[in-house]
Structure formats: structure tokens, C-alpha cells
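Values quoted throughout were computed directly from the atomic coordinates according to the rules given, and no laboratory measurement underlies them. This structure is a prediction, so every number in the text was calculated from the model and none was measured. Cβ sites come from the backbone with ideal geometry, for glycine too, and all protein chains shown count toward neighbours.
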Amino acid sequence: MDTRFLGIAELDEAPSVAVVVDVMRAFTVAAWAFAQGAEKIVLAESLDEALALKGRHPDWVALKDGPPAPGFEAVNSPGLMRSIDLGGRTVVHKTTAGTVGALAVKDASLVLCAGFVVAEATARLLRTYKSDSVTFVVTGEEGQADEDLACAQYIARRATEAATDAAEFLRRAAESRAAAELAEGVRQGVHPDDVALCLEVDRFSFAMVATVEGSLMVLRPRAAPSPADEELV
């Protein structure tokens, strides 16, 4: 499998298969939202679009980076997300990196959104899909965020070597600038457990697939193929 690791600005054309990685914290939060019962997550292009969608669908839950704000019921924190009951609801998600990266590759034939919490499920889906080329979108810090790059490299390795040890990749993520800023309270809308929750490997058994539905980019959970299913493909 040929792999590329690119920042959002480096994407010059739609890849065939894209894995968009945002460990701290967009796609860790998205995974927690599904674990809390969300049916789907709409990836908004702007805060204004998120609020407009919320206005048209009052029962949807709007979520953003940073501190709480009028019109938004939730913030981009896994520690806070785990206490919200989202049973059957739709979440509208807008962040500064993760959602932007997913929207940048919306024309790919397969778009997966990932963090460490869904690493194995994502790797299994890649193995089943059997693409010759996969582009990993490293969303943070203009493609330089080491927590995202480490996770992307780990998933890429897991897609071909299932026994890959996570320890070194997790160490890099734990020592990243994003982890330090979260731990030190530099970023707002943070729970003390956020870093630890972002570094839980394979917390969830589903992958997350984004597809264009009408005019919207929609993220949904997808059960990971079993090893037996992989052998049949």
C-alpha cells in the first residue's frame, strides 16, 4: 500500500482513499459522540453554517472548538462529550482542523476520519478496501502536528502489520504541542481528562466514514470487518 502523509494545504487533488486524522480533538470527540448514541455527525464548513443548520433543525446538537458560545450546546472535548446523552440525535460539528480536513477530501471515493480511539477499526477497513494508495491528511499545525502524524503512521502500519506496537506512537502524541497546550489550559473548552482520552488506543470498535449526502458532508460509524470477513474479500 502506497501511503502519503499530507497537510490540508498540500492536497492538490482528490485522493482515491483518504484518512483524515485529528487526535486532539475533533475525531476523538466524534467517536465519543457516536458512543453516546449520536446517529450521524454533519461536518460544517463554518460556524455560521453550523448555526444555520441548527436553526433549521432545532433538535440537532451544535458543537464547536473553544469555549461555550450562544447557539452551541457542546464543545470539542471528549471529557465533556462522554457525559452527554445523544441517543438518536444529529450533531453538527465545526472545528479549526479536523472538519476542514474532511471537507477538503470530500470527493475521494472513501473518506475515513480517525484518531487513536478507532485505529484498529480504521486499519481493518483499509485492509478490506485493498486500495493501492492511501492519503493520510495530517490536519493539525499545517500538517506538522506530531500527534496526528504519529497516529496516521500508526494506522498505516497497522493496515499492513496488525501486530504493530502502539507505544512509540503514543509517546510522540503525548509529547506533542497539542497535548501540552491541553494539559496546561492554553486551549479553552477543555476537560482534565482530554489528553488521556485522546490517547486511548482502540477504545471503540467502529470506524468513521464520511460521505456526501445531498449538500452536506456526513460522518457515520461503521462496524469494523472481522478478521474472517477480511479473509473473504
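Among the DSSP beta bridges whose two residues both lie in region 2-219, what percent are antiparallel, rounded to the nearest 5?
25 percent
Which value at 222 nm does the chain reach when only helices count, each DSSP H run of 4 or more adding -39,500 (n - 2.57), with the total divided by all residues and rounded to the nearest 500 deg cm²/dmol? Present the calculation step by step, with values, prior to reporting the outcome.
Working: 10 runs with 83 residues, N = 233.
Counting only the DSSP helices, I get -9500 deg cm²/dmol.
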> Considering lysine pairs in the chain that are 8 or more places apart or on different chains, how many have Cα atoms under 22 Å apart?
Replying inline: 11
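Where in the chain are the helices, taken as whole DSSP H runs, whose Cα atoms extend 18 angstrom or more along the long axis and whose Kyte-Doolittle mean reaches at least -1.0? Before the final figure, lay out each step's value.
Working: long enough: 146-160 (21 Å, -0.47).
In the chain, the long hydrophobic H runs are 146-160.
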>> I need His57, His93, His191 ordered by Cβ neighbour count within 10 Å, fewest first.
In response: His57, His191, His93
> What percentages, rounded to whole numbers, describe P(r) for region 2-219 computed over all alpha carbon pairs with 10 Å bin width beginning at zero?
Replying inline: 9, 38, 38, 14, 1
>> Can you report the principal axis dimensions of region 135-202 using only the alpha carbons, biggest first, rounded to whole angstrom?
In response: 37, 24, 16
> Using the per-residue mean of other Cβ atoms lying within 10 Å as a proxy for protection, in what order, highest first, do the peptides 22-33, 146-157, 118-129, 100-111 fall?
Replying inline: 22-33, 146-157, 118-129, 100-111
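With a sphere of radius 9 Å drawn around the Cβ of Val117, what net charge do the other residues whose Cβ falls strictly inside it have (Lys, Arg +1; Asp, Glu -1)?
Result for the local shell: -1.
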